[in-house]
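Q: Take this structure first; my questions come after.
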Amino acid sequence: DRPKMAAEHVPFTERSNPLSENIDVQNCEDIVEILKAVDEEVFTGWGQFKNIYSPTTITKISRIAELTRKILNKDRENNAVVLSGCGTSGRIAFTVARSFNKYLSSGSSIQQKESFYHYLVAGADKALIRSEEAEEDSWEGGAKALKEVIAGKKEVVFIGITCGLSASYVAGQLDYCLKNRNLFTAVVLLGFTLPCQARKTPIANCDKTFYDVCQLLLEEEEKQNTKRENTVHQPDGGERECELFIVTPVVGPEAITGSTRMKSGTATKVLLEIIFTLVHCPSDISTSNSLPVDLLDAYRLTCKLTYKCSSSIAPSINIPEGS
């Protein structure tokens, strides 16, 4: 029973996927079909766990979008969204932040001094090109980078991205957020495995593990939800309180074990783009409960249409012998 219990605590992002067990001995056409089946799990989910279509996920991303819209409309110059991650997660943070800043600037005749969307990647901009593993393990470096980027900001939405709930860099930032909630409007942990599977390995120069931070965030989120259920609705304009969110839909193991730049990377980009698309939709449209689902359907359709071109994709992954 002990091996079974140990296996249950292995993050889904680090497990092997039964659909791709023999991917290394398949021909190009079959490899693409395997990738198609595994990528479909981004939308259908894995096992009985909550997926990106679950009501919990939809409710949370809708609320995050609502809070982001409020601080954007209130004071775009002095408020901010900060997206942070390591490796591919940090590169996606960079891509999404840059895309939505470009969208904001294209719709305004006034040149803004400050960007609204900010990104942090462990190892700074050089990590956009090459891996900086030492920085990814730095709890202190993560907290320091976050503190610097939000200096002088009035209201901040922070989204920490770590697919397997393991990045010390992000854990340090989440810990900083929890200790300084007065600086934040919302604090979000985005990943694709269960909170109980968060990394328990000791972190250098720290008395906590990612698991410890994750459990504290989970406990505080539950307290927050209980308080909200027991409180009569108050109109906007009262004292601001930081809202906490753990967004961890399960999309299942990767086609190549542990390579979270694949399916988990897709899910990261999809959810972030949906959140910020909701932010910039007219309020009468963005508050519709069906819009997040409609956007997810559009991404799913894009995935299906991409794989309809399987016969064209297969030759591109063919590596001639001797290469």
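Q: Near the amide H of Ala255, under 5 Å away, which other amide H atoms are found, from residues 5 or more places off or on another chain, if H is placed in the peptide plane?
A: Lys263
Q: Based on the alpha-carbon gyration tensor of region 75-181, what equivalent-ellipsoid semi-axes (square roots of 5 times the eigenvalues) come out, in whole Å, largest first? Walk me through the intermediate numbers first.
A: On the way: eigenvalues 114, 54, 21 Å².
So the three semi-axes of region 75-181 are 24, 16, 10 Å.
Q: Let me know the charge dipole size of the chain about its Cα centre in debye, to the nearest 20, where only the beta-carbon of Lys, Arg (+1) and Asp, Glu (-1) is charged.
A: Working: 36 positive and 42 negative charges, 157 e Å.
Around 760 debye, computed over the chain.
Q: Taking the chain as a Gaussian network, Cα atoms linked when under 10 Å apart, which of Asn27, Asn182, Asn289 shows the biggest mean-square fluctuation?
A: The residue that fluctuates most here is Asn27.
Q: Pick out which of Gln48, Gln26, Gln197 has the largest mean-square fluctuation in a Gaussian network model of the chain, springs linking Cα atoms closer than 10 Å.
A: Highest fluctuation among the options: Gln48.
Q: Taking Cα atoms of region 120-278, Rg/Rh with Kirkwood Rh, to two decimals?
A: Values: Rg = 16.2 Å, Rh = 16.7 Å.
That ratio is 0.97, to two decimals.
Q: Turning to a different aspect of this structure: Can you give me the Cα centroid spacing of region 17-92 and region 158-227 in angstrom?
A: 18 Å
Q: Per residue, how much accessible area does the chain show when a 1.4 Å probe rolls over the protein heavy atoms, in square angstrom?
A: The answer is 52 Å² per residue.
Q: Which residue, chosen from Phe245, Thr268, Tyr103, occupies the Cα position most advanced towards the positive end of the dipole of the chain, where the dipole is computed from +1 (Lys, Arg) and -1 (Asp, Glu) charges on Cβ about the Cα centre?
A: Highest projection toward the positive end goes to Tyr103.
Q: Just how much of Ile23 is accessible, in Å², when a 1.4 Å probe is used and the result is rounded to the nearest 10?
A: 20 Å²
Q: Cα axis of helix 55-75 to longest principal axis of the chain: angle in degrees, 0 to 90, nearest 10?
A: 50 degrees
Q: OK, next. When the Karplus curve 6.51 cos²θ - 1.76 cosθ + 1.60 is applied with θ = phi - 60°, which whole-Hz ³J(HN,Hα) does each residue of region 180-186 get, with x for Gly and Pro?
A: 9, 4, 5, 8, 10, 8, 8
Q: In degrees, nearest 10, range 0 to 90: what is the angle between the Cα axis of helix 291-307 and the longest Cα principal axis of the chain?
A: Tilt relative to the chain: about 20 degrees.
Q: Any idea what the alpha-carbon Rg over 2.2 N^0.38 Å comes to for region 43-124?
A: This ratio for region 43-124 stands at 1.31.
Q: Taking 1 over the mean of 1/r across every pair of different Cα atoms in region 1-80, what Kirkwood radius in Å do you get?
A: Details: mean 1/r = 0.0607 Å⁻¹.
By the Kirkwood definition, the hydrodynamic radius is 16.5 Å.
Q: Most mobile of Gly191, Gly45, Gly252 per a Gaussian network model of the chain (Cα springs, under 10 Å)?
A: Maximum among the listed residues: Gly45.
Q: Order Glu66, Glu229, Glu222 by their accessible area, 1.4 angstrom probe, all chains in place, largest first.
A: These residues rank, largest area first, as Glu229, Glu222, Glu66.
Q: Please report the Cα spread of the chain along all three principal axes, rounded to whole Å, starting with the longest.
A: Projected onto the principal axes, the Cα atoms of the chain cover 63, 49, 42 Å.
Q: Enter the angle in degrees (range 0 to 90, nearest 10) between the Cα long axis of helix 28-44 and the first principal axis of the Cα atoms of the chain, meaning the one along which they spread out most.
A: Rounded to the nearest ten degrees, it is 30.
Q: How much of Arg300 can a 1.4 Å solvent probe reach, expressed as accessible area in Å² and rounded to 10?
A: Arg300 exposes around 70 Å² with every protein chain in place.
Q: Using each residue's phi in region 208-223, evaluate 6.51 cos²θ - 1.76 cosθ + 1.60 at θ = phi - 60° and report the 3J(HN,Hα) Karplus result to the nearest Hz, with x for Gly and Pro.
A: Whole-Hz 3J(HN,Hα) from phi for region 208-223: 10, 10, 4, 4, 4, 5, 5, 5, 5, 4, 5, 4, 5, 5, 5, 4.
Q: For the chain, what is the relative contact order in percent, using Cα pairs closer than 8 Å and at least 6 residues apart in sequence?
A: 27 percent
The values are calculated or read from the model by the stated rules, or taken from the named source; none is laboratory data. Values in this document were obtained by computation on a predicted structure and should not be read as measured data. Note: ideal-geometry Cβ built from the backbone for every residue, glycine included; neighbour counts use all protein chains shown. When the accessible area is computed, the model is the full protein with side chains, heavy atoms only, and any ligands, DNA or RNA have been set aside. Shrake-Rupley method; radii C 1.70, N 1.55, O 1.52, S 1.80 Å.
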